[in-house]
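> Okay, handing you the structure first.
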Amino acid sequence: MLTLYGSTTSPYVRRLRIWLANTQHDFVNWKIFEKQDRAKLMAKNPTLKVPMLEDSTADEVQTIFDSRVIYRYLSEKLKHPALTWQQENQLTIIDAANDSLVQMFILAQSGIKADEDLLFFKLQKERVNGVLVYLNELVAEGQFVNWNYPAMSLFSLIDWVEFRSLHNLKGLTDLLAFHEDNAQRIEVTATDPRT
Ligand SMILES: N[C@@H](CCC(=O)N[C@@H](CS)C(=O)NCC(=O)O)C(=O)O
């Protein structure tokens, strides 16, 4: 029995929910910044981050933290081919922007205004800008034509950026076209954080 724990808004969780659309699993939706769910998360997961996975059999529960490790664990279990090194790099690039945006989102929620004169914000902004331009080029080269896990991860990032209004994507025409091309997939609409 597979149980994925997460939130409906997390782009890291959503990529796995999209990927698992045709795999039997339970999804537990936690509001990880609210007291009760946070206590449940704390009891299971010291990283205090989602997603996490539990794979329960009659005599044991295997717990896995981190979307990348969850993907690797499930790929092995479900006998999917391993990611290529190119795909691993695609995920690393996507995650670099995603991590910076998560940190800046939490700072914004904490009432801290992004000030580009401060090193922290300068570094994140450079990374996010550079990554999005780079990903736009990879899409233009055709690297995200197949609807595979890296493409699902890219979609989840771009859709989250739009949902939270985190970055102006104007001019990144290939990324925007990629988003539009995939927005009506059933597993995408079924995991839309807005609904
Ligand atoms: N490397 C982790 C990142 C997960 C992550 O940053 N999740 C966010 C939600 S989008 C989170 O749980 N943040 C809570 C926090 O930073 O306190 C993964 O790939 O699973």
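> When only residues in segment 103-130 that are of a type in the set (Lys, Arg) and at pLDDT 95 or above count, which is nearest to the ligand (Cβ to nearest atom)?
Residue satisfying both the conditions and the ranking: 127.
> Give me the residue from segment 49-80 that is of a type in the set (Ser, Thr, Tyr), out of contact with any helix residue (DSSP H, G or I) (no Cβ under 9 Å at 6 or more places or on another chain) and touching a residue at least 40 places away in the same chain (Cβ under 8 Å) and, out of that set, surrounded by the fewest Cβ atoms within 10 Å (Cβ to Cβ).
Checked segment 49-80; the qualifying residue surrounded by the fewest Cβ atoms within 10 Å (Cβ to Cβ) is 57.
> While we're here: Which condition does residue 99 not pass, out of (1) surrounded by 13 or more Cβ atoms within 10 Å (Cβ to Cβ); (2) among the charged types (D, E, K, R); (3) at pLDDT below 95, if it passes all the others?
Of everything listed in (1) surrounded by 13 or more Cβ atoms within 10 Å (Cβ to Cβ); (2) among the charged types (D, E, K, R); (3) at pLDDT below 95, residue 99 misses just condition (3).
> Among helices (runs of 4 or more DSSP H) lying entirely in segment 96-195, which contain 3 or more residues that are among the aromatic types (Phe, Trp, Tyr)?
Because the criterion is at least 3 residues that are among the aromatic types (Phe, Trp, Tyr), the helices (runs of 4 or more DSSP H) in segment 96-195 that meet it are 119-140, 149-163.
> Kindly list the number of the only condition in (1) surrounded by 13 or more Cβ atoms within 10 Å (Cβ to Cβ); (2) within 17 Å of the chain's Cα centre (by Cα) that fails for residue 106.
So the condition that residue 106 fails would be (1).
> Sticking with this structure for a sec: Which of the following residues is within 10 Å of the ligand (Cβ to nearest atom), among the aliphatic types (A, V, I, L, M) and either surrounded by 21 or more Cβ atoms within 10 Å (Cβ to Cβ) or farther than 25 Å from residue 147 by Cα (or both): 18, 32?
Of 18, 32, the one residue that is within 10 Å of the ligand (Cβ to nearest atom), among the aliphatic types (A, V, I, L, M) and either surrounded by 21 or more Cβ atoms within 10 Å (Cβ to Cβ) or farther than 25 Å from residue 147 by Cα (or both) is 32.
Residue by residue, here is whether (1) among the aliphatic types (A, V, I, L, M); (2) assigned by TED's automatic domain parsing to the domain that holds residue 105; (3) within 12 Å of the ligand (Cβ to nearest atom) holds:
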residue	(1), (2), (3)
6	no, no, yes
14	no, no, yes
26	no, no, no
40	no, no, no
44	no, no, no
55	no, no, no
59	no, no, no
64	yes, no, yes
71	no, no, yes
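> Also: State which residue pairs qualify: first residue free of Cβ contacts under 8 Å to residues at least 60 places away in the same chain and inside segment 8-35, second residue among the β-branched types (Val, Ile, Thr) and part of a helix (DSSP H, G or I) in any location, beta carbons under 7 Å apart, and separation of 6 or more residues or different chains.
Close Cβ pairs (under 7 Å, with a partner that is among the β-branched types (Val, Ile, Thr) and part of a helix (DSSP H, G or I)) amount to 16/70.
> From the list 47, 23, which one is more than 21 Å from residue 102 (Cα to Cα) and assigned to a loop (DSSP other than H, G, I, E, B)?
23
> Continuing with the same structure: Just the residues that are more than 16 Å from the ligand (Cβ to nearest atom) and in a helix (DSSP H, G or I), please, taken from segment 75-95.
Within segment 75-95, 76, 77, 85, 86 qualify.
The values are calculated or read from the model by the stated rules, or taken from the named source; none is laboratory data. All values reported here derive from a predicted model rather than from experimental measurement. For neighbour counting, all protein chains shown are included, and Cβ atoms are generated from backbone atoms with ideal geometry for every residue, glycine included.
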